[in-house]
1. Can you confirm whether K67 is assigned to a helix (DSSP H, G or I) and open to solvent by 60 Å² or more (accessible area, probe 1.4 Å)?
2. Only one of these conditions is not met by Y4: (1) out of contact with any helix residue (DSSP H, G or I) (no Cβ under 9 Å at 6 or more places or on another chain); (2) open to solvent by 50 Å² or more (accessible area, probe 1.4 Å). Which number is it?
3. Return the residues of the range 17-32 that are open to solvent by 40 Å² or more (accessible area, probe 1.4 Å) and touching a helix residue (DSSP H, G or I) at 6+ places or on another chain (Cβ under 7 Å); say none if nothing qualifies.
4. Please go through the range 32-55 and give me each residue that is more than 12 Å from the chain's Cα centre (by Cα) and of a type outside the set (D, E, K, R), ordered by number.
5. For the condition touching a helix residue (DSSP H, G or I) at 6+ places or on another chain (Cβ under 9 Å), among the β-branched types (V, I, T), surrounded by 13 or more Cβ atoms within 10 Å (Cβ to Cβ) and not in a helix (DSSP H, G or I), what is the one hit in V40, V44, V52?
6. Please list, ordered by first then second residue, the pairs with beta carbon atoms under 6 Å, 6 or more apart or interchain, first in the range 13-37 and in contact (Cβ under 8 Å) with a residue 60 or more places away in the chain, second crowded, with 16+ Cβ neighbours inside 10 Å.
7. Under 6 Å between Cβ atoms, which residue pairs at least 6 apart in sequence (or on different chains) link something in the range 54-65 that is closer than 13 Å to W15 by Cβ with a partner that is aromatic (F, W, Y)?
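The values are calculated or read from the model by the stated rules, or taken from the named source; none is laboratory data. Since we're looking at a predicted model, the values are computed, not measured. So basically every Cβ, Gly included, is an ideal-geometry build from the backbone, and we count neighbours across all protein chains shown. These area figures cover heavy atoms from the full protein model, side chains too; ligands, DNA and RNA do not enter into them. Shrake-Rupley method; radii C 1.70, N 1.55, O 1.52, S 1.80 Å.
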Amino acid sequence: MDTYDHALLGFALRWIGYGGGDYYIFTEFGIPPKIFYQRVLWMVEKRLASGVDPTMRQQLREHCLAKLTPFQEPQ
C-alpha cells in the first residue's frame with residue numbers, strides 16, 4: 001500500500017464510529033464517497049489492511065458494503 005492508501009484506511013478507521021465522514025471524503029482525497037468505499041473495501045478484502053485487527057477489518061468490510069448498497073443498480 002502506498003501513502004495514499006494508508007491515508008484512506010486511516011480515515012476510514014477514524015470515522016467508522018461516526019457514520020463514515022462522507023462529507024469530508026471529497027475535500028480530503030479528491031474522490032467521491034463511492035470510490036472511497038470501493039477502494040477501502042478492496043484493501044480489506046485483499047488483506048492489504050493486515051495491520052488492522054481481524055475484528056476491525058470485518059467492521060470496515062461491513063461498513064463499506066453498507067455505504068455502497070445505495071449505489072447498486074436494481075436487479
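1. Details: assigned to a helix (DSSP H, G or I): yes; open to solvent by 60 Å² or more (accessible area, probe 1.4 Å): no.
Here the answer is no, as K67 does not meet what is asked.
2. (1)
3. D22, E28, P32
4. Step one: of the range 32-55, the residues more than 12 Å from the chain's Cα centre (by Cα) are 46-48, 50-55.
Within the range 32-55, L48, S50, G51, V52, P54, T55 qualify.
5. Details: V40 fails: not in a helix (DSSP H, G or I); V44 fails: not in a helix (DSSP H, G or I).
Matching residue, one of V40, V44, V52: V52.
6. none
7. Going by the 6 Å Cβ cut-off, the qualifying pairs are C64/Y37.
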